[in-house]
Amino acid sequence: MNLTVRLFAVLRERAGTSELAIDDLPDELSIGELKRALTERYPELGDLSSVAGVIGTTYARDDAKITAGDEIALLPPVSGGSGGDEGPASTDYGRGVFELSDAPLDPGVLQARVVAPSCGAVVTFTGTTRDTNRGLDVVRLDYEAFERMTGPEMVRIFEECRAAHSSPDDPARELRMLCVHRVGTVEVGEPSIVIAVASPHRDTAFKAARFLIDTLKERLPVWKKEVYADGHHWIGDRS
């Protein structure tokens, strides 16, 4: 079997390319077996044990089987953040709206998009770029995203948030959700992510906003490179 494997962030830098064409693989192969084969053929990639496999736009366990024609990607641990065709409608805030932006974010403008007469509470989380981290002076952040997957993964995260914190049978637990994440260069002090959640009552809005930021930080395929005066570091790299 022949496969093309997409690489991102620190893996792309180590390989010097965003895609690897792999030939002469066994016809029956799992994600874990592919990772071991890549480690043998491309030792410069480093330890792949903490790297996630993706088939199409869905995370896959190491024992997931690969078939010929599958689109495979390897994702280093994420550090995060317009979705693809499988994303929610751009104005359906009840289902949740996610966007990537290469332009500066205005939290006030984004918050206004979820406001509704039925909602008495709006909670907005804004993540901004710090000037120091790990004892080093940060010059800027560079964000990279697996854009084809961010939309479908946020659809799943929004669905989980609604299941945990809202109910179609309880108007008091209505949710209107928006998440916008920067890509490209973000200067010190600038927002890198804005999450706005509106609900009739503050408790639901607070809980939903916390759920969204915590969950996307774990799962959304967005990577953050901290740039210093004398080097850089991919946040989340454990290889």
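Observations on the structure shown:
- In the range 128-147, residue surrounded by the fewest Cβ atoms within 10 Å (Cβ to Cβ) [restricted to those that are under 17 Å from the mean Cα position of the chain (by Cα) and not β-branched (Val, Ile, Thr)]: 147
- Residue pairs meeting the criteria (Cβ under 9 Å; at least 6 apart or on separate chains; first within 20 Å of residue 222 (Cα to Cα), in the range 33-58; second among the acidic types (Asp, Glu) and assigned to a helix (DSSP H, G or I)): 57/153; 58/153
- Selected residue (criterion: modelled with the highest pLDDT) from residues of the range 52-69 that are closer than 18 Å to residue 21 by Cα and surrounded by fewer than 16 Cβ atoms within 10 Å (Cβ to Cβ): 56
- Single condition residue 174 does not satisfy, out of (1) out of contact with any helix residue (DSSP H, G or I) (no Cβ under 7 Å at 6 or more places or on another chain); (2) within 25 Å of residue 224 (Cβ to Cβ): (2)
- Condition broken by residue 77, with the remaining ones in (1) crowded, with 17+ Cβ neighbours inside 10 Å; (2) at pLDDT below 95; (3) farther than 30 Å from residue 204 by Cα satisfied: (3)
- Qualifying residue in the range 131-152 (condition: within 29 Å of residue 73 (Cα to Cα) and touching a helix residue (DSSP H, G or I) at 6+ places or on another chain (Cβ under 6 Å)): yes
- For the range 170-192, a residue qualifies if it is at negative phi and in a loop (DSSP other than H, G, I, E, B), and the qualifying residues are 170, 174, 175, 183, 188, 190.
- On the stretch given as the range 124-143, residues that are under 20 Å from residue 214 (Cα atoms), at pLDDT 95 or above and out of contact with any Ser or Thr (no Cβ under 8 Å at 6 or more places or on another chain) total 3.
- Lone qualifier among 183, 222, 155 - being under 19 Å from the mean Cα position of the chain (by Cα), outside the structural domain of residue 71 (by TED's automatic domain parsing) and either of a type in the set (Ser, Thr, Tyr) or crowded, with 23+ Cβ neighbours inside 10 Å (or both): 222
The values are calculated or read from the model by the stated rules, or taken from the named source; none is laboratory data. This is a predicted model, so every value here is computed, not measured. Glycine gets a Cβ as well: all are built from the backbone with ideal geometry, and neighbour counts include every protein chain shown.
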